[in-house]
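The values are calculated or read from the model by the stated rules, or taken from the named source; none is laboratory data. The shown structure was predicted, so the numbers you read here are calculated from the model rather than taken from an experiment. Methodologically, a virtual Cβ is constructed for each residue, glycine included, from the backbone with ideal geometry; neighbour enumeration extends over all protein chains shown. Remember, those area values only see protein heavy atoms, side chains included, never the ligands or the DNA or RNA. Shrake-Rupley method; radii C 1.70, N 1.55, O 1.52, S 1.80 Å.
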Amino acid sequence: MTTDNFTQSQWYAIGRLPDFDGVAQKPVRLLSRDLTVSHEAGDLSVKDAEGHSLLTQVRYGHLWTSLSDRPRPLYDMPEFDEPGRRLVTAGGVGVRCSGLRCVENFLDMAHFPFVHTDILGVEEHSSVESYDVNMDAEQDEIWATKCKFFQPMASAAASGGQMTEYKYRVPHPYSTILYKTCPIQEDVWDLVGLFIQPVEEDECIVHSFILVFDDENTDTGLLHFQQNIFLQDRMILENQVPRKLPLDPRWELPTRADASSIAYRRWLKANELQWGVALFNEAA
Amino acid sequence: MKLFDYVLSGNCYKIRLLLDFLELSHEKQAVDFFPGREHKSDAFLQINPLGQIPVLEDDGAYIRDAQAILVYLASRYDPTGTWWPINDPSELGRVAQWLAFADSITSTASAARLHDVLGYDLDVAQARAGAHKLFRVLDDHLANQELQGFNWIAGSNPTVADIACFPYVALAGDGGIELFYYPAIQRWIRRFVKLPRFKLMPGINIFD
Ligand SMILES: N[C@@H](CCC(=O)N[C@@H](CS)C(=O)NCC(=O)O)C(=O)O
Ligand SMILES: [Fe+2]
């Protein structure tokens, strides 16, 4: 399958900046293509297999590139410029499924009590209350707001259970960010996000980050918290069939009926995204 | 007592399991194994010149190697003397034999997992093939033990040999290694997770 325009025209994170320290050349794979990152005199550049230079930028602690000459602008996260926040980048984790599936799982609060038991949810409080989903037409992105969930340990800084309020943002087919009530400071949100590098249609590398107010934990403590949670998701993600995202309505799968997932799928369809989507007749 | 620990490490998990089984109070120092490679930093190489975790600090001394730490903790702090059965030489010999086997599981099944999860550059086909050979041996052994009425690797009680073999067998799926063909291993995993004070680690599939 050749990449569709929507997929092709995005920026993709391909590693944290320190991942390229001390290496002259590093192979990376993006959208079923082999690319090479070169590190010369402190400058990072990316070439495709034919030797053409690709656009690059450094943002949000990561190196980004695009297969397009005129990519859609990378979305803004003004929180990265706020003083007092701590950024922890968790490194790329390989997952054998479409990156689109990772976004969908991230949006789904219903899995907290069963996948992140006693951390992000408890089985006694497993119902998801209704929340709002809106399209921001100007930015062409999805926002789910007023999401509420009872969490025994909402973050590394939490000292007990709390009703956590969430907002979810999907500004890119392969990125999603959640904003959750900060357990130690009022009126601010902690951010947790995924920058997904689609490797193949059914394989990806998930670069995650947290950007939080926390004056108790070490960076490594925050890292362990985040990686532990993501590895819980990884096992669930790898057990999903088919590995690509089933968008075709003919799938008789018990696909998730929650509002943010419906909005995400509708948005992908409206943008005519095809790469990474399971076709009904190539059933797994 | 302090454990230099990494959440996603199966070798550190061995020590976390025994510390919990024996209810030993301890602190953990989080090591940024990935992506930071802190275990290869100058400061950490002072603690373990091999640049590996886990390391345990107790009474001012450092001990490295998961199997060595298990032996140390069990001999020093297990009042029942069952985890490291010091009074039964033939059982002890079997336990030591499977401790060595556990290290080969690390170099195969754990390597495949490092490749698939954390992107390590290594020959994953070879790592998986090596793991399958070992799992065949372990599955046959466990099936034989069951026939003789033994639920555990070295006999009728769980020992440090079970703890040493458990993590990278149970986490094999993370590295694309199916446990489907090893029914005795699956039954042993189901028994292991029912041990009192057992804690699950992400990536473990319980087959129930
Ligand atoms: N024989 C050692 C092996 C430990 C080991 O392989 N640890 C891994 C992490 S789980 C490690 O530190 N690897 C880094 C390296 O070997 O360079 C043990 O059982 O503790
Ligand atoms: Fe999750």
Any idea which of A:Leu211, A:Val95, B:Pro167 is furthest toward the positive side of the dipole for the protein assembly as shown, if Lys and Arg beta-carbons carry +1 and Asp and Glu beta-carbons -1?
-> B:Pro167
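Where does each of A:136-144, A:41-49 land if you order them by average Cβ count within 10 Å, highest first? All intermediate terms of the calculation are to be shown ahead of the outcome.
Details: A:136-144: 14.6, A:41-49: 12.6.
So the peptides A:136-144, A:41-49, ranked by packing, come out A:136-144, A:41-49.
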So how strong a dipole does region A:1-148 carry about its Cα centre when Lys and Arg Cβ are +1 and Asp and Glu Cβ are -1, to the nearest 20 debye?
-> 460 debye
Rounding to the nearest 20 debye, state how big the charge dipole of chain B is about its Cα centre with +1 on each Lys and Arg Cβ and -1 on each Asp and Glu Cβ.
-> 320 debye
When only Cα pairs under 8 Å and 6 or more residues apart are kept, what is the percent relative contact order across chain B?
-> 21 percent
Protection proxy ranking of A:147-154, B:55-62 - average other beta-carbon atoms within 10 Å, highest first = A:147-154, B:55-62
For A:Asp34 and A:Asn5, what is the calculated FRET efficiency with R₀ set at 22 Å and r taken between the beta-carbons, to the nearest 0.05?
-> 0.50
Counting only protein heavy atoms, what percent of the accessible surface of region A:1-78 is carbon or sulfur at a 1.4 Å probe?
-> 47 percent
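Per residue, how much accessible surface does the protein assembly as shown expose to a 1.4 Å probe? Answer in Å², no decimals.
That works out to 44 Å² per residue.
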Ranked highest first by the average count of other Cβ atoms within 10 Å around their residues, in what order do B:111-123, B:88-100 fall?
-> B:111-123, B:88-100
Once both labels are modelled 7 Å past Cα along the beta-carbon direction, what's the A:Ser126-A:Thr218 spacing in nm?
-> 3.7 nm
Estimated inter-spin distance, B:Lys2 and A:Ile262, nm [label 7 Å along Cα→Cβ] | 5.4 nm
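Suppose R0 equals 22 Å. What FRET efficiency, 1/(1 + (r/R0)^6) with r the Cβ-Cβ distance, do A:Ala110 and A:Met135 give to the nearest 0.05? Mind showing how you got there, number by number?
Numbers: r = 22 Å, r/R0 = 1.00.
Using R0 = 22 Å, I get an efficiency of 0.50.
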Is it possible to state the helix-based mean residue ellipticity at 222 nm for chain A, with each DSSP H run of 4+ residues giving -39500 (n - 2.57), the sum divided by total residues, to the nearest 500 deg cm²/dmol? What is it?
-> -5000 deg cm²/dmol
For chain A, set up a Gaussian network in which alpha carbons nearer than 10 Å are linked by springs, and say which option among A:Glu203, A:Glu40, A:Glu50 fluctuates the most.
-> A:Glu50
Kirkwood Rh (inverse of mean 1/r, distinct Cα pairs), the protein assembly as shown, angstrom | 24.2 Å
A:Gln139 long-range amide H proximity, modeled H, under 5 Å = none
Which residue fluctuates the most in chain A, going by a Gaussian network model with Cα springs under 10 Å, if the choices are A:Thr89, A:Thr218, A:Thr145?
-> A:Thr218
Partner chain coverage, peptide B:32-45 - average Cβ within 10 angstrom = 3
Carbon + sulfur, % of accessible area of region B:90-166 - ligands and nucleic acids excluded, 1.4 Å | 54 percent
Gaussian network model of chain A, Cα within-10 Å springs - most flexible of A:Trp64, A:Trp11, A:Trp251 | A:Trp251
Dipole magnitude (debye, nearest 20) for region A:9-74, charges at Cβ of Lys, Arg, Asp, Glu = 280 debye
Debye-sum result for region A:1-147 in log10 I(q)/I(0), which assumes one identical scatterer on each alpha carbon, at q = 0.11, 0.17, 0.19 Å⁻¹ = -0.60, -1.21, -1.35
What one gets for region B:89-192 as the Kirkwood radius, inverse of mean 1/r over different Cα pairs in Å, is 13.8 Å
Taking a label point 7 Å from the Cα of A:Glu272 along Cα-to-Cβ, the residues of region A:1-43 whose backbone nitrogen sits under 16 Å from it are A:2-10
Give me the accessible area buried between chains A and B, both sides summed, with a 1.4 Å probe, in Å² rounded to the nearest 100.
-> 1500 Å²
If R0 is 35 Å, what FRET efficiency do you get for B:Ser104 and A:Asp81 from their C-beta distance, rounded to 0.05?
-> 0.10
Compute the separation of the alpha-carbon centres of region A:1-70 and region B:168-208 and state it in Å as a whole number.
-> 38 Å
For n ≥ 4 DSSP H runs only, could you compute -39500 (n - 2.57) per run for chain B, divide by its residues and tell me the 222 nm figure to the nearest 500?
-> -15000 deg cm²/dmol
Along the dipole axis of region B:89-192 (charges at Cβ: +1 for Lys and Arg, -1 for Asp and Glu; origin at the Cα centre), the most positive-end residue among B:Leu134, B:Gln186, B:Phe101 is B:Gln186
Mind giving me the nanometre distance, one decimal, between the label points for B:Asp88 and A:Ala41, set 7 Å out from Cα along Cα→Cβ?
-> 7.1 nm
